[in-house]
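Take a look at the structure below.
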Amino acid sequence: MSKLYIVPTPIGNLEDITLRAIRILKECDLILAEDTRNTIHLLKHLQIDKPLKSYHQHNEHKIVQEIVELIQHGKNIALVSDAGTPGISDPGFLLVRECIAAGIDIETLPGATAFVPALVNSGFPCDNFIFIGFLPIKKGRSTKIKSLQDETKTIVLYESPYRLVKTLEELKNSLGADRRASVSRELTKIFEETKRGTLPELIAYFSLKTVKGEIVIVVEALNRKQKNDTETTEA
């Protein structure tokens, strides 16, 4: 029976791909790629030659039914994003939902995703966390950040290098200057870096350098003492 395969791809280091993922990419009939130029680079490295079709946030609503019908007619299709696991802050949710509705089998492979190593590397508790993904750029941004003030789980979010300092400042203003955080960038790559400290310390550090690469921000949860202090101040 034909399937949709969700295939994670490396977030940087091309060695971070599973043997199973390589096999699926070799055996499938078609690969859906967020950006075919990036995927071609990976496939060449793996010596895989397969048909590619663009599937991204700007066309997914237009072609999702076409993809469903291809699978229904016997095509095994693999979905990849530029890096990491499709559906995690990348296109994938809509296609999975429509395949489920159509009774199509879905096989999701485990593999690379940026927030897991960043979370573990932060030194904050990993047993209870909330993943935000990207904050809204404009509408709803301040409301979303304010909603994190009393969050008692470790907070994980993605950010662009161009908005990193601004986001750290907004978090400091909302969560407090004593809140600690960890910023990881260029994970698995040559210039991988994780910087830990209070939000003001991180602002000072990243304000003095040109930041490149994808960013994962991990913020410590509101602890009981901080919560009591906040409640006392408000009272």
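Summed over qualifying helices (DSSP H, 4 residues or more, each -39500 (n - 2.57)) and divided by its residue number, the chain shows a 222 nm mean residue ellipticity of -11000 deg cm²/dmol.
Solvent-accessible surface of segment 1-85, taken per residue with a 1.4 Å probe and all protein chains present: 54 Å². Annotation for segment 40-58 versus segment 79-146: alpha-carbon center distance of 21 Å.
Computed from backbone phi, the HN-Hα couplings of segment 141-152 come to 5, 5, 5, 5, 5, 5, 5, 8, 4, 9, 5, 9 Hz, rounded to whole numbers (Karplus: 6.51 cos²θ - 1.76 cosθ + 1.60, θ = phi - 60°; Gly and Pro given as x). Relative to the longest principal axis of the Cα atoms of the chain, the long axis of helix 36-46 makes an angle of roughly 70 degrees. The accessible surface of segment 36-116, taken with every protein chain in place and a 1.4 Å probe, is 51 percent carbon and sulfur. The 3J(HN,Hα) values that the Karplus relation (6.51, -1.76, 1.60; θ = phi - 60°) gives for segment 102-115 are, in residue order, 8, x, 8, 5, 10, 10, 9, 7, x, x, 5, 7, 6, 6 Hz. Gly and Pro appear as x. Quick one: which of Lys138/Lys195; Lys50/Lys189; Lys50/Lys75 span more than 23 angstrom between C-alpha atoms? Checking Cα-Cα distances, Lys138/Lys195; Lys50/Lys189 exceed 23 Å. Within the chain, what's the longest stretch lacking chymotrypsin sites (Phe, Trp or Tyr not before Pro) that sit in DSSP loops with no more than 14 other Cβ atoms inside 10 Å? In the chain, the maximal stretch lacking such sites is 1-161. Using a probe radius of 1.4 angstrom, the carbon and sulfur fraction of the accessible surface of segment 121-170 is 52%.
The values are calculated or read from the model by the stated rules, or taken from the named source; none is laboratory data. Note that the structure is a prediction, hence the values are computed from the model and not measured. As a convention, Cβ positions derive from the backbone with ideal geometry for all residues, glycine included, and neighbour counts pool all protein chains shown. Calculation scope for accessible area: heavy atoms of the full protein, side chains included, ligands and nucleic acids excluded. Shrake-Rupley method; radii C 1.70, N 1.55, O 1.52, S 1.80 Å.
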